[in-house]
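Down below is the structure, laid out as structure tokens.
The values are calculated or read from the model by the stated rules, or taken from the named source; none is laboratory data. These figures come from a predicted structure and were not determined experimentally. Glycine also receives a Cβ, built like all others from the backbone with ideal geometry; neighbour counts cover every protein chain displayed.
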Amino acid sequence: MATQTAPTGEELRTLVDQARTSVARISTPKGDMVFSFYPDDAPQHCAAFIKLAGAGFYDGTAFHRVEPGFVIQGGDPQGDGTGGPGYNLKAEFNDRPHVRGTVAMARASSPDSAGSQFYICLDDARFLDKQYTVFGQLTDGFETLDAIRRGDRMTKVTIDPSTNSG
């Protein structure tokens, strides 16, 4: 897969604006999960996710990590937790808590090492607060979240208009 580039300049501004009125839909054979974005708290991470989704980057990738009662993690084109989009994002740690359904970017030991891998909390994980960039919150599909097992694939990730006005 071709190396991606992080959004900058006008592209970044446009994608952040899109995050304000959009949701992400992660389609799997077990159902869909939908999450809203936090563009004011994590603009670069929201924009990067939207750009990668729009490029089809996530389509067909697996949830390579599933820790019951903790998180599911995906977004690695390698499928083993070592891959990424070819760039790293600067951390955008914020005050959003890690609760059930929180969507945040995974990273290596360096705070500025996030790329494409993300996780969704299966339960509250407040010990992660302010150490990872929270950029979204699951709004629908909790039954799908609970059904995901290691190796399950994202058939398609799309960015859809939000049905909420705020």
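If the condition is being in a strand (DSSP E or B) and on the phi > 0 side of the Ramachandran plot, then the stretch 115-135 contributes no residue at all. A residue that is over 21 Å from THR144 (Cα atoms), under 14 Å from the mean Cα position of the chain (by Cα) and not β-branched (Val, Ile, Thr) can be found somewhere in the stretch 92-108. Listed residues THR82, THR102; which is surrounded by fewer than 18 Cβ atoms within 10 Å (Cβ to Cβ) and either within 11 Å of PHE118 (Cβ to Cβ) or polar (S, T, N, Q) (or both)? Just one listed residue meets the conditions, THR82.
The residues on offer are THR139, THR144, and the sole one that is more than 20 Å from SER116 (Cβ to Cβ), outside any helix (DSSP H, G or I) and of a type in the set (Ser, Thr, Tyr) is THR139. Within the stretch 147-166, the set of residues being at pLDDT 95 or above and part of a loop (DSSP other than H, G, I, E, B) comprises ILE148, ARG149, ARG150, GLY151, ASP152, MET154, THR155. Figure legend. Inter-residue proximity from the stretch 18-32: first residues closer than 23 Å to PRO7 by Cβ and in contact (Cβ under 8 Å) with a residue 24 or more places away in the chain, second residues in a strand (DSSP E or B) and among the small types (Gly, Ala, Ser), beta-carbon distance below 9 Å, spacing 6+ or different chains. Indicated pairs: ALA19/SER36; ALA19/GLY136; SER22/SER36; VAL23/SER36; VAL23/GLY136; ALA24/SER36; ALA24/GLY136; ILE26/GLY74.
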